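Notes follow once the structure below has been shown.
The values are calculated or read from the model by the stated rules, or taken from the named source; none is laboratory data. Owing to the predicted nature of the structure, the values given are computational and were not obtained by experimental measurement. Positions of Cβ are backbone-derived with ideal geometry, glycine not excepted, and every protein chain shown enters the neighbour counts. Heavy atoms of the whole protein, side chains included, go into the accessibility calculation; ligands, DNA and RNA do not. Shrake-Rupley method; radii C 1.70, N 1.55, O 1.52, S 1.80 Å.
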Number of protein chains: 4
Amino acid sequence: MRVKDEEKRQQIRDAAVRLINEMGFAGASMSKIAKAAGVSPATIYLYFENKEHMVQSLYLELKAGLLQGMMAGTDQEATIKGKLRRAWRNFHALLISRPEIYRFCEQFYNSPYIRALPPEKIDRIYSPMAAVFAAAEAQGLIRPLPFAVAFTSVFGPLGLVMKLGPQNGVPSTPEELDTLFDMAWRSVAA
Amino acid sequence: MRVKDEEKRQQIRDAAVRLINEMGFAGASMSKIAKAAGVSPATIYLYFENKEHMVQSLYLELKAGLLQGMMAGTDQEATIKGKLRRAWRNFHALLISRPEIYRFCEQFYNSPYIRALPPEKIDRIYSPMAAVFAAAEAQGLIRPLPFAVAFTSVFGPLGLVMKLGPQNGVPSTPEELDTLFDMAWRSVAA
Amino acid sequence: MRVKDEEKRQQIRDAAVRLINEMGFAGASMSKIAKAAGVSPATIYLYFENKEHMVQSLYLELKAGLLQGMMAGTDQEATIKGKLRRAWRNFHALLISRPEIYRFCEQFYNSPYIRALPPEKIDRIYSPMAAVFAAAEAQGLIRPLPFAVAFTSVFGPLGLVMKLGPQNGVPSTPEELDTLFDMAWRSVAA
Amino acid sequence: MRVKDEEKRQQIRDAAVRLINEMGFAGASMSKIAKAAGVSPATIYLYFENKEHMVQSLYLELKAGLLQGMMAGTDQEATIKGKLRRAWRNFHALLISRPEIYRFCEQFYNSPYIRALPPEKIDRIYSPMAAVFAAAEAQGLIRPLPFAVAFTSVFGPLGLVMKLGPQNGVPSTPEELDTLFDMAWRSVAA
DNA sequence: GATGAATGAGGATTCATTCAT
DNA sequence: CATGAATGAATCCTCATTCAT
């Protein structure tokens with residue numbers, strides 16, 4: 001029973017993310033999402049309170065997944081810089097393998113919807129990453145900066161660059177990638 | 001015969017930008033925009049073919065204004081780095097004085113609307129800036145990078161940081177600003 | 001789950017026919033039709049794809065009903081002329097008892113809407129009637145004429161005359177009716 | 001001066017008839033008509049009180065022209081039957097040379113618009129034709145019938161047949177035409 | 001006389017959501 | 001739990017008409 005439910009929730013989630021990425025929040029109507037998910041519109045309301053809640057949930061889940069994916073394996077790295085490089089490469093891999101996740105998050109983050117989300121819910125997602133940056137700063141590896149600024153400086157450009165699309169110079173070879181990480185690192189290095 | 005009024009176009013433009021920033025593309029209905037602009041809904045259609053065209057026009061105008069504002073006075077700078085620092089500070093000043101412009105552009109850029117815009121129209125806006133980066137690279141000041149990547153690395157983090165809001169560590173003192181530019185510059189410096 | 005209601009479709013159909021007859025295709029807005037049918041505007045779209053489809057459906061249904069009504073009982077007539085007289089009287093009776101049907105069909109048929117209908121759909125409706133005329137011609141009772149011409153010559157004047165309204169000489173007594181049929185018959189009789 | 005005015009009125013009239021035939025009363029908006037006529041929407045209102053009046057005027061003018069065209073040369077015919085045959089052939093020629101006239105009239109006549117027209121205005125148009133039928137009846141050539149019924153019986157089928165379109169058996173050779181007139185005449189002949 | 005700008009009212013249609021099964 | 005029917009409110013947009021020049 002529980003499995004079947006979670007499956008259906010997944011179908012709805014995936015359909016919603018896909019359609020919202022294709023058509024925007026407005027264009028992706030509940031009916032279209034329902035049809036794409038193979039369920040009745042009414043069924044969506046068994047899993048989500050309403051459209052706003054659904055979108056917020058999607059964002060929080062995707063964002064959490066994104067950061068979890070970035071942190072994957074970082075605890076096996078000995079050095080702080082190694083952890084960050086690992087996270088950075090994870091991020092790049094995710095942008096390649098699951099571009100719809102970041103795309104959705106960015107659309108949401110840059111829309112007015114974001115203001116209805118209590119910031120703490122987002123902060124909590126970032127806390128493992130924040131710990132790494134705090135350690136880096138404590139070790140004097142990076143400049144003393146607010147976490148958000150440091151994080152943004154390291155990971156922001158990669159996200160932005162990947163948005164550009166392949167024809168605008170997105171890096172693909174390992175060397176280009178290393179260069180890009182080096183650039184990011186240098187910007188925050190103490 | 002009455003004559004078409006540039007002022008009226010401005011009213012509509014401003015109202016549209018404000019409402020879209022507040023409520024998103026979907027929430028900002030043509031009626032609401034009309035009311036906020038003090039005109040009839042039908043009047044908007046004298047100035048813009050339809051909502052999609054209007055939003056695209058707004059984006060192109062705002063983006064062009066943004067880049068023009070960034071380039072302001074750069075020709076008076078002797079060095080390439082000076083030009084870029086000036087542009088960078090212009091950007092910061094614009095983010096402070098007219099935050100709605102960048103906000104709108106980012107919402108548009110991260111939405112599916114962007115895909116309906118021919119990329120050349122955007123490229124054209126960036127061309128003066130691209131010239132500066134080309135010169136920088138020619139002088140060996142910065143690493144050899146595709147323009148979009150280099151531009152993003154220099155100006156991207158500032159935009160991202162300013163989106164965070166004051167409580168998340170947005171820099172305000174001149175020293176903090178200088179630090180931020182230094183970080184951006186170092187990331188691309190040869 | 002509620003179940004789609006044939007009765008509701010009827011309500012919509014009747015309201016639409018009535019309003020279109022009263023106010024024309026343009027005047028009969030979907031909202032007015034909905035109100036007259038006692039349903040929400042949105043409900044109409046559960047039963048008809050859009051206004052154009054609705055009007056076409058109405059035409060095809062009414063036209064089919066009209067021809068079915070005309071053919072009623074003709075198979076009990078021994079002679080071809082008897083069949084045609086019966087059909088002719090059926091037509092007259094229908095024009096009296098359900099004038100809105102012919103009125104709607106004529107409005108549709110004389111409007112540009114008709115051109116969106118594939119002619120075969122209409123031809124099919126006429127096929128039983130065409131068979132009778134073919135038999136008449138085979139028996140040498142009527143002149144050799146294309147079906148549409150023969151049909152029009154027999155039934156057309158009656159329809160036209162009934163449109164005139166009572167004050168313009170619409171026949172009412174059985175004698176007048178017999179005269180009119182005799183006129184129609186003579187025009188095509190061999 | 002006067003010429004120029006009448007010219008412009010003609011342009012508007014022709015554009016309106018054409019568009020209404022193509023798109024129906026609703027589809028042919030005043031703006032579209034204005035554009036097709038090469039004038040401003042406001043200009044139409046210098047020549048016609050409003051859309052309803054315009055459509056009515058068009059109908060009355062076209063209908064009057066139609067009947068004038070039918071009557072052309074009938075006074076040179078010696079016999080009543082000759083006059084009617086001439087009118088009938090004129091009608092056929094007009095249906096071929098200026099189909100838009102009859103088409104417009106039929107669309108109008110079969111729409112609810114017609115009910116806003118005082119019947120006398122129409123009757124007056126028919127009066128010369130009515131005189132011919134009265135003479136025919138006085139001479140005992142045709143059955144005693146209300147004018148409208150007789151007229152309809154003679155000319156109605158031709159109009160209906162021409163509406164069918166060439167693929168449905170519209171007559172084209174002189175023999176077919178003679179047959180058709182013979183049919184019409186027989187139906188009313190005493 | 002002629003214009004194009006301007007408009008409020010209303011058009012067809014779709015929306016997020018709820019109801020009844 | 002799941003559904004498709006049902007809906008009032010809202011969508012974008014166009015209309016017939018008038019205004020100011």
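Just a few scattered comments:
- Segment C:82-96 - residue that is touching a helix residue (DSSP H, G or I) at 6+ places or on another chain (Cβ under 7 Å) and hydrophobic (A, V, I, L, M, F, W, C) and, of those, most open to solvent (accessible area, probe 1.4 Å): C:Leu94
- Candidates in segment A:155-180 are the residues that are more than 9 Å from chain B (Cβ to nearest Cβ) and closer than 16 Å to B:Ala184 by Cβ; of these, the one that is surrounded by the most Cβ atoms within 10 Å (Cβ to Cβ) is A:Leu158.
- Single condition A:Ala148 does not satisfy, out of (1) small (Gly, Ala, Ser); (2) more than 9 Å from chain B (Cβ to nearest Cβ); (3) in contact with a Gly (Cβ under 6 Å, 6 or more places away or on another chain): (2)
- Residue match in segment D:90-111 (condition: over 28 Å from B:Met1 (Cβ atoms), within 16 Å of DNA strand E (Cβ to nearest atom) and hydroxyl-bearing (Ser, Thr, Tyr)): yes
Condition check ((1) more than 16 Å from DNA strand F (Cβ to nearest atom); (2) within 14 Å of chain A (Cβ to nearest Cβ)) across all residues:
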| residue | (1), (2) |
| --- | --- |
| B:Ser29 | no, yes |
| B:Lys35 | no, no |
| B:Glu49 | no, no |
| B:Leu67 | yes, no |
| B:Gly82 | yes, no |
| B:Arg103 | yes, yes |
| B:Tyr109 | yes, yes |
| B:Ile114 | yes, yes |
| B:Pro118 | yes, yes |
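- Residue check: D:Arg18 meets all listed conditions (1) within 14 Å of chain C (Cβ to nearest Cβ); (2) within 16 Å of DNA strand E (Cβ to nearest atom); (3) in contact with a helix residue (DSSP H, G or I) (Cβ under 7 Å, 6 or more places away or on another chain) but one, namely (2).
- Those helices (runs of 4 or more DSSP H) of segment B:91-190 in which at least 1 residues are in contact (Cβ under 8 Å) with a residue 12 or more places away in the chain and in contact with a Leu (Cβ under 6 Å, 6 or more places away or on another chain), considering only elements entirely within it, cover B:99-109, B:119-138, B:147-163.
- All of (1) more than 11 Å from DNA strand E (Cβ to nearest atom); (2) open to solvent by 50 Å² or more (accessible area, probe 1.4 Å); (3) not β-branched (Val, Ile, Thr) hold for C:Lys35 with one exception: (1).
- Options B:Pro41, B:Pro144; residue that is away from DNA strand E (no atom under 16 Å from the Cβ), open to solvent by 20 Å² or more (accessible area, probe 1.4 Å) and not acidic (Asp, Glu): B:Pro144
- Sole residue being of a type in the set (Phe, Trp, Tyr) and at pLDDT 95 or above, chosen from C:Phe147, C:Phe155: C:Phe155
- Screening A:Ala78 against (1) assigned to a helix (DSSP H, G or I); (2) more than 16 Å from DNA strand F (Cβ to nearest atom); (3) aliphatic (A, V, I, L, M) leaves a single unmet condition, (1).
- Answer from C:Glu77, C:Glu61 - the residue that is in contact (Cβ under 8 Å) with a residue 12 or more places away in the chain, in contact with a Lys or Arg (Cβ under 8 Å, 6 or more places away or on another chain) and away from DNA strand E (no atom under 15 Å from the Cβ): C:Glu61
- Residue in segment C:13-21 that is within 20 Å of the chain's Cα centre (by Cα), open to solvent by 20 Å² or more (accessible area, probe 1.4 Å), closer than 23 Å to C:Pro118 by Cβ and outside the structural domain of C:Thr173 (by TED's automatic domain parsing) present: yes
- The lone exception for D:Glu49 - which of (1) modelled with pLDDT under 95; (2) closer than 21 Å to D:Leu117 by Cα; (3) surrounded by 16 or more Cβ atoms within 10 Å (Cβ to Cβ) it fails: (3)
- Selected residue (criterion: nearest to DNA strand F (Cβ to nearest atom)) from residues of segment C:1-15 that are in contact with a helix residue (DSSP H, G or I) (Cβ under 8 Å, 6 or more places away or on another chain), more than 29 Å from D:Ile20 (Cα to Cα) and in a helix (DSSP H, G or I): C:Lys8
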